[in-house]
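Below: one structure, written as structure tokens.
The values are calculated or read from the model by the stated rules, or taken from the named source; none is laboratory data. Bear in mind the structure is a predicted one, so any value in this text is a computation, not a measurement. Note: ideal-geometry Cβ built from the backbone for every residue, glycine included; neighbour counts use all protein chains shown.
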Amino acid sequence: MTHELGIRRSHALRAAVGQELVSPGRPVVGLLDIEGVTRSVAALKAAFATPGVAVTHTFAVKAASLVPVLALLGEYGLGAEVASPGELALALAAGIPADRIVLDSPAKTTAELREALALGIAVNADNPQELARIDALRAERPSSAAPVGLRVNPQVGAGSIGAMSTATATSKFGVALRDPGAEEWVLRAYRERPWMDRLHTHTGSQGVPTKLMAAGVRAAYELAERVNAAAGRRQITVLDIGGGLPVNFDSDETSPSFAEYADLLRAEVPGLFDGRYGLVTEFGRSLLAKNGTVLARVEYAKSAGGRPIAVTHAGAQVATRTVFVPDAWPLRVLALDAEGREKDGEPVVQDVAGPCCFAGDLVARARPLPLLAPGDHVALLDTGAYYFSTHFAYNSLPRPAVHGYTVGPGGEVAFSPVRAAQTQAELLAESGAGLPPLTAPPLPAPPQGQGRGQEADRHSGQEFDHDRR
């Protein structure tokens, strides 16, 4: 399967150059392997399929906030996990039905909550204050059928990337279960709200080992059991176990796989699959990362301090995390020739730089690659999640186009537009062009005496020069 992924990608890279999806005038583009996405979704569904267990797989919209991608996933039966009004609007525009949408933002406004409850969207409350808001809104709309749950932080620890770990002792997300009095409050919150029937947890994503993820799920499951025992009935009927399966950025291999993670959960939390609970998942990066590639032209090839540097059009604006935190987010880079074919030749240690105007804009440092030359291309692999849709508008660089692709049995490639490249007119409009100019008050007059001081300085200089002569 990994071999087929590489073959499809090779065909797509050559075709993208040949069809001028990337060119001197359009020097960077995102490419998404549609068949790869299909296989990833199939693998996810197969991994969690269990007789008698209702499973709803939602996609974390932040990983690819692109309506055609969300619509494709929706056709396969996936829902959407959203964390902002914008993400909710994207999910609805993609045709995702409300009963397959989950709202998880840690900073939901009253207006957002009101909309979600009106539409029947599942809401995971983050904290006691938010739950009090939901109480008030439900009093306004007692007929709301929107499922409501509580997000808890099991505080099981961090992975190797702190920023991606959401179950630490001081994480900003959810109710911290090990804090004094927290579990008692949770039990009371459910007892006072017999309509609250979900429980949610998410341990983190990249850098978080699956054992730690399973520990977080087990803590939530055990809490649900205690809530139900205290209620004397099955009050919690759905467990939302989040997403966050880490991605291997070292090769085309999908590791860990969805099957490996689901099997670990079956071993560590067997009651999760006995049919008493419905399940919700919220995977994002692990569904799309392997299926995407950023392709960019090499504009110049130079050297500094004896090290070659390939200056390309793919830098911090598309690979933001890789540029700023390279040790945590390394990317594989393919060196391609002017036709988009992988280059051969002896590897030469070189830097691959982006177009942004700061010294650290490097997507690869001291990387052994066939020597790149002007007119060549680079391909940044495993970039199907986040790299297409979390553009960093440094230097007012426009967002690149994104195209999906399929590869026929003879290697023929068909591209479908996912997002058009941002035009200069759109960039200007986004930056306030056309709005009335700001009122410009007169500049303040210089302080009194400033002119005389400057004159004295000039005389002083003349005297100094006279003395030297």
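Side notes on the structure shown:
- Any chance Gln155 is of a type in the set (S, T, N, Q), out of contact with any Lys or Arg (no Cβ under 6 Å at 6 or more places or on another chain) and in the same structural domain as Val53 (by TED's automatic domain parsing): no
- Which listed residue is touching a residue at least 40 places away in the same chain (Cβ under 8 Å), more than 15 Å from Asn127 (Cα to Cα) and assigned by TED's automatic domain parsing to the domain that holds Glu130, from Thr168, Thr210: Thr210
- The criterion of being part of a loop (DSSP other than H, G, I, E, B), in contact (Cβ under 8 Å) with a residue 40 or more places away in the chain, acidic (Asp, Glu) and at negative phi does not hold for Glu260.
- Qualifying residues in the stretch 302-313 (those that are out of contact with any Leu (no Cβ under 6 Å at 6 or more places or on another chain) and touching a residue at least 24 places away in the same chain (Cβ under 8 Å)) - the one surrounded by the fewest Cβ atoms within 10 Å (Cβ to Cβ): Arg307
- Test: Leu150 is buried (at least 17 other Cβ atoms within 10 Å of the Cβ) and part of a helix (DSSP H, G or I): no
- Residues of the stretch 137-174 satisfying the condition of being out of contact with any Gly (no Cβ under 7 Å at 6 or more places or on another chain) and modelled with pLDDT of 90 or more: Leu137, Arg138, Ala139, Glu140, Pro147, Val148, Gly149, Leu150
- Just one of the listed residues (Ala328, Ala359, Ala310, Ala335) is within 22 Å of the chain's Cα centre (by Cα) and of a type outside the set (Lys, Arg), and it is Ala328.
- Residues in the stretch 374-411 that are among the β-branched types (Val, Ile, Thr) and assigned to a loop (DSSP other than H, G, I, E, B) were compared, and the one that is farthest from Pro24 (Cα to Cα) is Thr390.
- Of all residues making up the stretch 198-224, the number that are in contact with an Asp or Glu (Cβ under 9 Å, 6 or more places away or on another chain) and either within 21 Å of Leu103 (Cα to Cα) or buried (at least 24 other Cβ atoms within 10 Å of the Cβ) (or both): 7
- Condition met for Ala189 (closer than 21 Å to Gln235 by Cα, surrounded by fewer than 20 Cβ atoms within 10 Å (Cβ to Cβ), modelled with pLDDT of 90 or more and among the aliphatic types (A, V, I, L, M)): yes
- Qualifying residues in the stretch 40-57 (those that are in a helix (DSSP H, G or I) and either among the hydroxyl-bearing types (Ser, Thr, Tyr) or over 20 Å from the mean Cα position of the chain (by Cα) (or both)) - the one nearest to Leu279 (Cα to Cα): Phe48
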